[in-house]
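The structure appears right after this line, and notes come after that.
What follows is calculated from the coordinates using simple rules that are stated; it is not laboratory data. The shown structure was predicted, so the numbers you read here are calculated from the model rather than taken from an experiment. Glycine gets a Cβ as well: all are built from the backbone with ideal geometry, and neighbour counts include every protein chain shown.
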Amino acid sequence: MNKLYLFVVISSCLSLVGCATSNYSVGREFPVENVDKIVKGQTTAHELIQLLGEPFTKTVVSANEERWVYTYSSGIAHAQSCCVPLKVETAGKSTTLEILMRDGIAANFSYYEGGGSAFKMQNE
């Protein structure tokens, strides 16, 4: 009886131990070095596609405006659990370019680049 009980306890503890690692990517890579070549009020839709490729998304804002989004995020996530406490670590990089197109011309844009640092969460 004691051996069966010990086996059940050890098996239960081992079933609560685990880890997982995952690589992820979202969006589509684009040549960020070409962002500086965009001129507000001058760069055309055709020129943008030649500089950056097709946007990840296009959204109609009004009859003569569209919002183009170029975005790409990639990284790694690692989760580890040992008898219920959970530890999660992520690290990655993200780039996003949003362009307001008005009548086929880049009226305004914003560019964001982030990441390179790690995010850690621990649940005890």
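Given labels modelled 7 Å from the Cα in the Cβ direction, how far is it in nm from Thr59 to Ile76?
The two pseudo-label positions are separated by 3.3 nm.
Considering amide H positions built from the backbone, and no H for Pro or chain starts, which residues 5 or more places from Phe56, or on another chain, come under 5 Å of its amide H?
Val69, Tyr70, Thr71
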